[in-house]
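J.: Right, I'll just put the structure down here and ask away after.
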Amino acid sequence: MNPALELASAAFHLTDQHPRVRRVFEFAHERHAGQRRDVDGAPFVTHPLEVASILSEHNYPDHVVAAGLLHDVLEKSDTDPAELEARFGVPVASLVMAVTDDPAIGDDGERRAALRLQVAQAGDEAAAIFAADKISKAREMRDKARRGALDGDSLARLEHYQESSEMLEELLPGRPLIAELMREMRALTRQR
């Protein structure tokens, strides 16, 4: 299928189920314009759209789905927290900030550890967004692994995903979202 049609179809499906997130999708699409995913060259916005769709499938409310759509805009665009708050409200902006890593921490391992701690302290909704992100990223990494061996950066990210999964399993035990994450991680580990 045509990637543009897949993106349009996924966006339509999500905004049909959550009409209040339509303007959030338009904003995310605008802010990620021109960005591409490393693994397959698809428009980057397909990743936050998948994260939001996973949250929707697990019956999270609109503000969580909206934050899932926006979870990468602070890291990957010139958007700042004040703009998110002004456009989409404190609950959405707070969740996005909770799942955004601190660029002032130079060491990747330290930055990822700090992010896990930040998410753990931010509550269940932030943890759900983080889990949906890891589900999407594990799927991307499986695609990458199918195309060849994982490089050092991918292996470091895989370690972060493993540690994140363990943390999330403790934070949200028994949740179907976490069961889905654990299935994806097992499949990725077997494929690696």
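The values are calculated or read from the model by the stated rules, or taken from the named source; none is laboratory data. Note that the coordinates shown come from a computational prediction; the quantities given were computed from them, not determined experimentally. Cβ atoms come from the backbone with ideal geometry, glycine included; neighbour counts cover every protein chain shown. Note: areas computed on protein heavy atoms with side chains; ligands, DNA, RNA excluded. Shrake-Rupley method; radii C 1.70, N 1.55, O 1.52, S 1.80 Å.
J.: For segment 52-95, just say rounded, prolate or oblate: build the C-alpha gyration tensor, square-root its eigenvalues into a ≥ b ≥ c, call rounded for a/c under 1.5, and beyond that prolate if a/b exceeds b/c, oblate if not.
T.: Oblate, since a/c reaches 1.5 and b/c is not below a/b.
J.: Using per-residue counts of other Cβ atoms within 10 Å, averaged over each peptide, order 146-155, 56-65 from highest down.
T.: Highest mean packing first, the order is 56-65, 146-155.
J.: Per residue, how much accessible surface does the chain expose to a 1.4 Å probe? Answer in Å², no decimals.
T.: Averaged over the residues of the chain, the accessible area is 49 Å².
J.: Suppose the chain between LEU155 and GLN191 were pulled fully straight at 0.36 nm per residue; how much longer would it get relative to their current alpha carbon spacing? Mind showing how you got there, number by number?
T.: Numbers: separation 36, 0.36 × 36 = 12.96 nm, distance 1.28 nm.
Computed gain between LEU155 and GLN191 is 11.7 nm.
J.: Among 110-118, 70-78, what's the highest-first ranking by average C-beta atoms within 10 angstrom per residue?
T.: 70-78, 110-118
J.: A further question follows. Counting only Cα atoms, I'd like the Rg/Rh figure for the chain, Kirkwood definition for Rh.
T.: Over the Cα atoms of the chain, Rg/Rh equals 0.94.
J.: Treat every Asp and Glu Cβ in the chain as -1 and every Lys and Arg Cβ as +1, leave all other atoms uncharged, and give the resulting dipole magnitude about the Cα centre to the nearest 20 debye.
T.: In debye, rounded to 20, the chain gives about 660.
J.: Compute the Cα gyration tensor for segment 13-79, then decide on rounded, prolate or oblate, letting a ≥ b ≥ c be the square roots of its eigenvalues: rounded whenever a/c is under 1.5, prolate when a/b is larger than b/c in the other cases, and oblate in all that remain.
T.: The shape class here is prolate.
J.: Order the peptides 121-134, 85-98 from the highest to the lowest mean number of other Cβ atoms within 10 Å of their residues.
T.: Result, highest mean Cβ count within 10 Å first: 121-134, 85-98.
J.: Let me make sure I get this right: for segment 99-192, a, b and c are the square roots of the gyration tensor eigenvalues over alpha carbons, sorted descending. Under 1.5 in a/c it's rounded, otherwise prolate if a/b > b/c, else oblate. Which is it?
T.: Oblate is the answer for segment 99-192, as a/c is 1.5 or above yet b/c matches or exceeds a/b.
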